[in-house]
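Have a look at the structure below, then the notes.
The values are calculated or read from the model by the stated rules, or taken from the named source; none is laboratory data. Note that the structure is a prediction, hence the values are computed from the model and not measured. Virtual Cβ from ideal backbone geometry, glycine too; neighbours counted across all protein chains shown. What goes into the accessible areas is simple: the full protein's heavy atoms, side chains included, and nothing from ligands, DNA or RNA. Shrake-Rupley method; radii C 1.70, N 1.55, O 1.52, S 1.80 Å.
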Amino acid sequence: SSVKWTGAWTTDSHAAFSGGSARTATAAGATASLTFSGRSVAWVTTKAPANGAVQVWVDGTLAATVDTFGESTTERFVAFSRSWTSYGSHTIKLVVVGTADRPQVDVDAFEVIH
């Protein structure tokens, strides 16, 4: 499975990120979507002073709005996770809210348990 990106995302490389890089967006409405088969999924991000809110949609339903603000920077933060009782096909979609004065949202990784 691969992530589908819409809107303006940039790639930031840093050893602190799970795979050595993360994607970053600041424009409201930018999305990252992953369709996968498994029992569990988690969104890994960075909490930081410049970071804001993101809507998390699971299987077409708004599951949470997560604020990724942090007084200090915390990498590899699991901001959202969801599990199911059985293996199946699911979609997780992140939508950048565009929080005033701190619109940044990072996608370090999606972790899927099969």
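What the table below lists for this structure:
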quantity: Top-ranked residue in the range 6-24 [being aliphatic (A, V, I, L, M) and in contact (Cβ under 8 Å) with a residue 12 or more places away in the chain; ranked as most open to solvent (accessible area, probe 1.4 Å)]; calculated: Ala8
quantity: Residue check for Gly70: in contact with a Gly (Cβ under 8 Å, 6 or more places away or on another chain), open to solvent by less than 50 Å² (accessible area, probe 1.4 Å) and either small (Gly, Ala, Ser) or within 20 Å of Ser40 (Cα to Cα) (or both); calculated: no
quantity: Only one of Ala53, Ala27, Ala63 that is open to solvent by less than 20 Å² (accessible area, probe 1.4 Å) and modelled with pLDDT of 95 or more; calculated: Ala53
quantity: Qualifying residues in the range 85-114 (those that are hydrophobic (A, V, I, L, M, F, W, C) and in contact with a Lys or Arg (Cβ under 6 Å, 6 or more places away or on another chain)) - the one least open to solvent (accessible area, probe 1.4 Å); calculated: Val107
